[in-house]
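Enquirer: For reference, the structure I am asking about is given below.
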Amino acid sequence: MSKYKVIEPDTIFSLNDEYQDDKRTDKINASIGIYLDNDGKTFVIPTVAKVVSELDRSNFNYLPIKGDLEFIEESTKLVLGDKLYKKYNHLLAKQGVTGGTNGIYVWANLIALNFKKPTIILSDPTWDNHNKIFKNFGFKIIHFPQLNKNKKFNFTALKKAMRENPNAFILFQGGPTHNPTCVNPSEAEWVELTKLFKKYNNTILLDSAYIGLGDDFETDCFSGRYLLENKIKMAINFSFSKNMTLYQHRTSLLIVLAESEKERFAIDSCLNYLFRISNSTPPAFGESIVKKILTNKTYKKEWLQSLAQMSKNLKKRRELFNKLTKGRFSYVLEQKGFFSLLDLTSAQITLLKTKYGIYLLQNGRINFGGMSLQQIPVVAKAILSIINN
Ligand SMILES: Cc1ncc(COP(=O)(O)O)c(C=O)c1O
């Protein structure tokens, strides 16, 4: 008898494999979280492509365990803004990580190493990997429903979970977007939440994978900066996968706020240890791209302009989808970023795939980033024909 158990494959990547194997030429992949251009083609932000052609490829030596130090400092300034960076940098432990996924894993590992039987509050639904990572490290997981009956953020349910689990860790997603619902606390709710974090002694992980793809970059940074200004115990996991189109280059930064410089030294030492025994050092390619963009004013401006254009295109795609589905899913207009959860049944989603070659996640998550403006009429027509039959 083998000692090895079989674990269910990842739903998003399995569906993506199925899509790749699909021989139909008019297939549409609105499942995996990537952004395609307005012609439905793979998109690399032009500034990123330009910087790649300028990179020095004569040195493949190891980076430090923490990663490229200039990448780390420049990215921290980007996430926090110069003022907060200056004020709090001495209290920030940092680690370059191999993508946002790894940032969550490293943070969960950090907490599991230092706290006995930690409890974490997660939204339901959330990105599937959140549940898997915290389960893997033995956290007690408490779920609260992210949406209320009106498809708004369920503040009441969150408050109840917080009241019943003081001292809990809580995972939020940064910016106005949320995977998969695209509904997140408003700025006013963040202000109220911050008071509650103090009352209930919470520590927050702000998983930030879509910053700049909701509103504009600075507005999307609000929650992280507000928590820091209010000295909430927190960490920010900041991924460059989507907002720099670096997906396969696994480029992200984990920032953990300490209460004192002594504590920062301890956290840094844990991060160093945990990263050394798992990855040793982060990959350099993506970090050098980000560094080059953030240290050049023109490149940084161009990159932010591209990001704003991507956001605008996502909005246009939502508007067209709403118009062509005759307001049947009008909530997509209030939501921002890549995703929305369409209320379709599992059978309807399967039919979209088998009959029309249109791939959505089985829970109804549609990715507006994965559909060009030309593809939206096709998707809208197929959905209408399925729900009207
Ligand atoms: C909510 C959320 N967090 C983190 C990530 C991690 O992304 P990556 O590991 O590609 O940087 C994703 C990617 O889909 C995500 O949706």
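Enquirer: Six or more apart or on different chains, Cβ atoms under 6 Å: show the pairs whose first residue is in the range 1-21 and within 15 Å of Gly33 (Cα to Cα) and whose second is in a loop (DSSP other than H, G, I, E, B) and of a type in the set (S, T, N, Q).
Expert: Correct list of pairs: Leu15/Ser31.
Enquirer: Yes or no: Met162 more than 19 Å from Thr76 (Cβ to Cβ), modelled with pLDDT of 95 or more and touching a helix residue (DSSP H, G or I) at 6+ places or on another chain (Cβ under 6 Å)?
Expert: On the way: more than 19 Å from Thr76 (Cβ to Cβ): yes; modelled with pLDDT of 95 or more: yes; touching a helix residue (DSSP H, G or I) at 6+ places or on another chain (Cβ under 6 Å): yes.
Against the criterion (more than 19 Å from Thr76 (Cβ to Cβ), modelled with pLDDT of 95 or more and touching a helix residue (DSSP H, G or I) at 6+ places or on another chain (Cβ under 6 Å)), Met162 qualifies.
Enquirer: Take the residues in the range 219-237 that are more than 9 Å from the ligand (Cβ to nearest atom) and in contact (Cβ under 8 Å) with a residue 60 or more places away in the chain, then tell me which one is farthest from the chain's Cα centre (by Cα). Spell out the reasoning first.
Expert: Narrowing the range 219-237 to residues more than 9 Å from the ligand (Cβ to nearest atom): 219-236.
Then keep just the ones that are in contact (Cβ under 8 Å) with a residue 60 or more places away in the chain; that gives 221, 224-225, 228-229, 235-236.
Working: Cys221: 13, Gly224: 13, Arg225: 17, Leu228: 19, Glu229: 22, Ala235: 14, Ile236: 11 Å.
Once the filter is applied, the top-ranked residue is Glu229.
Enquirer: Just wondering, is there one or more residues in the range 346-355 that are part of a loop (DSSP other than H, G, I, E, B) and either touching a Gly at 6+ places or on another chain (Cβ under 9 Å) or crowded, with 17+ Cβ neighbours inside 10 Å (or both)? Working first, answer last.
Expert: First, the residues of the range 346-355 that are part of a loop (DSSP other than H, G, I, E, B): none.
Checked the range 346-355: no residue is part of a loop (DSSP other than H, G, I, E, B) and either touching a Gly at 6+ places or on another chain (Cβ under 9 Å) or crowded, with 17+ Cβ neighbours inside 10 Å (or both).
Enquirer: For the range 251-301, which positions are among the small types (Gly, Ala, Ser), crowded, with 21+ Cβ neighbours inside 10 Å and touching a strand residue (DSSP E or B) at 6+ places or on another chain (Cβ under 9 Å)?
Expert: Once the filter is applied, which keeps residues that are among the small types (Gly, Ala, Ser), crowded, with 21+ Cβ neighbours inside 10 Å and touching a strand residue (DSSP E or B) at 6+ places or on another chain (Cβ under 9 Å), the range 251-301 yields Ser252, Gly286.
Enquirer: Are there any pairs with C-beta distances below 6 angstrom linking a residue in the range 243-262 that is farther than 17 Å from Glu70 by Cβ to a residue that is near the ligand (Cβ under 10 Å from one of its atoms) and among the hydroxyl-bearing types (Ser, Thr, Tyr), with the two at least 6 apart or on different chains, and if so which?
Expert: Tyr247/Ser241; Arg250/Thr98
Enquirer: Another question about this same structure. When you check Gly33 against the structure, is it within 15 Å of the ligand (Cβ to nearest atom), at pLDDT 95 or above, touching a strand residue (DSSP E or B) at 6+ places or on another chain (Cβ under 9 Å) and among the small types (Gly, Ala, Ser), yes or no?
Expert: On the way: within 15 Å of the ligand (Cβ to nearest atom): yes; at pLDDT 95 or above: no; touching a strand residue (DSSP E or B) at 6+ places or on another chain (Cβ under 9 Å): yes; among the small types (Gly, Ala, Ser): yes.
Spelling it out, it is not the case that Gly33 is within 15 Å of the ligand (Cβ to nearest atom), at pLDDT 95 or above, touching a strand residue (DSSP E or B) at 6+ places or on another chain (Cβ under 9 Å) and among the small types (Gly, Ala, Ser).
Enquirer: Being within 13 Å of the chain's Cα centre (by Cα) and either among the small types (Gly, Ala, Ser) or more than 16 Å from the ligand (Cβ to nearest atom) (or both): is that true of Gly175 here? Show your work before the answer.
Expert: Details: within 13 Å of the chain's Cα centre (by Cα): yes; either among the small types (Gly, Ala, Ser) or more than 16 Å from the ligand (Cβ to nearest atom) (or both): yes.
Spelling it out, Gly175 is indeed within 13 Å of the chain's Cα centre (by Cα) and either among the small types (Gly, Ala, Ser) or more than 16 Å from the ligand (Cβ to nearest atom) (or both).
The values are calculated or read from the model by the stated rules, or taken from the named source; none is laboratory data. Fair warning: this is a prediction, and the values are worked out from it, not measured in the lab. Note that we place each Cβ from the backbone using ideal geometry, even for glycine, and neighbour counts take in every protein chain shown.
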